[in-house]
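**Q** The structure's right below; bear with me while I get my questions together.
The values are calculated or read from the model by the stated rules, or taken from the named source; none is laboratory data. Only a predicted model underlies this, so the values are computations on that prediction, with no experimental measurement involved. As a convention, Cβ positions derive from the backbone with ideal geometry for all residues, glycine included, and neighbour counts pool all protein chains shown.
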Amino acid sequence: MKSNLLKSIRLTLVLILFFSGFYTLIILGIAQLAPNRGQGETVTFRNKTYYTNIGQSFTEDRYFWSRPSETDYNAANSGASNKGPSNPQYLKLVQARIDTFMVHNPVISRNEIPALLVTASGSGLDPDISPQAALIQVKRIAKIRNISEGALRKLVEKYTNRPLLGLFGPTTVNVLKLNIALDSLKTPGN
């Protein structure tokens, strides 16, 4: 028994050194090869720096809206509500989001609203929406900004990210990048 105990203690020490030391250094080294040295992708617009991998709140009609966040887009407090899909409070919240979306997008029918525009992601920080979620907002933004719907559709297409190698991951649109591009357009509505 004494020999098993010593082996267990040695194994524990080796694993602690490996996972808290060597493994951490290996991952840190790999991160140095990533864009922005593993610190996340940033973009600067109007003298303010934003992380493109963290969702931002956009609620004005002149912008593409982000996916809702249970944490108010607070990266230090990421997480979901943990309420099930049949929870009455959750259903009430989703219905309120649907009603708000319908008020701001009156030409859209309820069944056309993509679920991700009225439900929060697991982290509450999702920076992306689907191309369909972006395109459904085009009529509202075109009217407010006095931009043609065709020009906005092209902008959405330009900022659509395809899956890696056409296989890995969903097709997404980064809302922050899209809205910055929208603000950068030279139009009478800006």
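**Q** Does residue 90 fit the bill of being closer than 30 Å to residue 142 by Cβ, surrounded by 14 or more Cβ atoms within 10 Å (Cβ to Cβ) and aromatic (Phe, Trp, Tyr)? Talk me through it step by step, then tell me what you get.
**A** Details: closer than 30 Å to residue 142 by Cβ: no; surrounded by 14 or more Cβ atoms within 10 Å (Cβ to Cβ): yes; aromatic (Phe, Trp, Tyr): yes.
No.
**Q** Follow-up question, since we're still on this one. Of the residues 50, 73, 63, which single one is closer than 20 Å to residue 172 by Cβ, aromatic (Phe, Trp, Tyr) and in contact with a strand residue (DSSP E or B) (Cβ under 8 Å, 6 or more places away or on another chain)? Full working, then the answer.
**A** On the way: 73 fails: in contact with a strand residue (DSSP E or B) (Cβ under 8 Å, 6 or more places away or on another chain); 63 fails: in contact with a strand residue (DSSP E or B) (Cβ under 8 Å, 6 or more places away or on another chain).
When all the criteria are applied, what remains is 50.
**Q** While we're on this one: Looking for something of a type outside the set (S, T, N, Q), touching a strand residue (DSSP E or B) at 6+ places or on another chain (Cβ under 7 Å) and not in a helix (DSSP H, G or I) - is there at least one such residue anywhere in the range 28-39? Outline the logic, then answer.
**A** Here is the first cut: in the range 28-39, the residues of a type outside the set (S, T, N, Q) are 28-31, 33-35, 37-38.
Applying the additional criterion that residues be touching a strand residue (DSSP E or B) at 6+ places or on another chain (Cβ under 7 Å) yields none.
No, because not a single residue in the range 28-39 is of a type outside the set (S, T, N, Q), touching a strand residue (DSSP E or B) at 6+ places or on another chain (Cβ under 7 Å) and not in a helix (DSSP H, G or I).
**Q** Starting from residues that are under 30 Å from residue 144 (Cα atoms) and touching a Gly at 6+ places or on another chain (Cβ under 6 Å), keep the ones in the range 36-94 and report whichever is modelled with the lowest pLDDT.
**A** Once the filter is applied, the top-ranked residue is 51.
**Q** Can we say residue 52 is hydroxyl-bearing (Ser, Thr, Tyr) and outside the structural domain of residue 124 (by TED's automatic domain parsing)? Please lay out each step first, then the result.
**A** Numbers: hydroxyl-bearing (Ser, Thr, Tyr): yes; outside the structural domain of residue 124 (by TED's automatic domain parsing): no.
It is false that residue 52 is hydroxyl-bearing (Ser, Thr, Tyr) and outside the structural domain of residue 124 (by TED's automatic domain parsing).
**Q** Counting just the residues of the range 103-139 that are hydrophobic (A, V, I, L, M, F, W, C) and not in a helix (DSSP H, G or I), which one comes out surrounded by the most Cβ atoms within 10 Å (Cβ to Cβ)?
**A** Let us first name the residues in the range 103-139 that are hydrophobic (A, V, I, L, M, F, W, C), namely 103, 107-108, 113, 115-118, 120, 125, 129, 133-136, 138.
Going one step further and asking which of them are not in a helix (DSSP H, G or I), we end up with 107-108, 113, 118, 120, 125, 129, 136.
Values: 107: 10, 108: 15, 113: 18, 118: 19, 120: 22, 125: 23, 129: 25, 136: 21.
So, considering only residues that are hydrophobic (A, V, I, L, M, F, W, C) and not in a helix (DSSP H, G or I), the one surrounded by the most Cβ atoms within 10 Å (Cβ to Cβ) is 129.
**Q** Out of the residues in the range 13-72 that are of a type in the set (Ser, Thr, Tyr) and surrounded by 14 or more Cβ atoms within 10 Å (Cβ to Cβ), which is farthest from the chain's Cα centre (by Cα)?
**A** In the first step, residues of the range 13-72 are kept if they are of a type in the set (Ser, Thr, Tyr); the result is 20, 23-24, 42, 44, 49-52, 57, 59, 63, 66, 69, 71.
Now narrow it down to the ones that are surrounded by 14 or more Cβ atoms within 10 Å (Cβ to Cβ): 50-52, 63, 66, 69, 71.
Working: 50: 13, 51: 11, 52: 8, 63: 15, 66: 7, 69: 9, 71: 13 Å.
Here the residue is 63.
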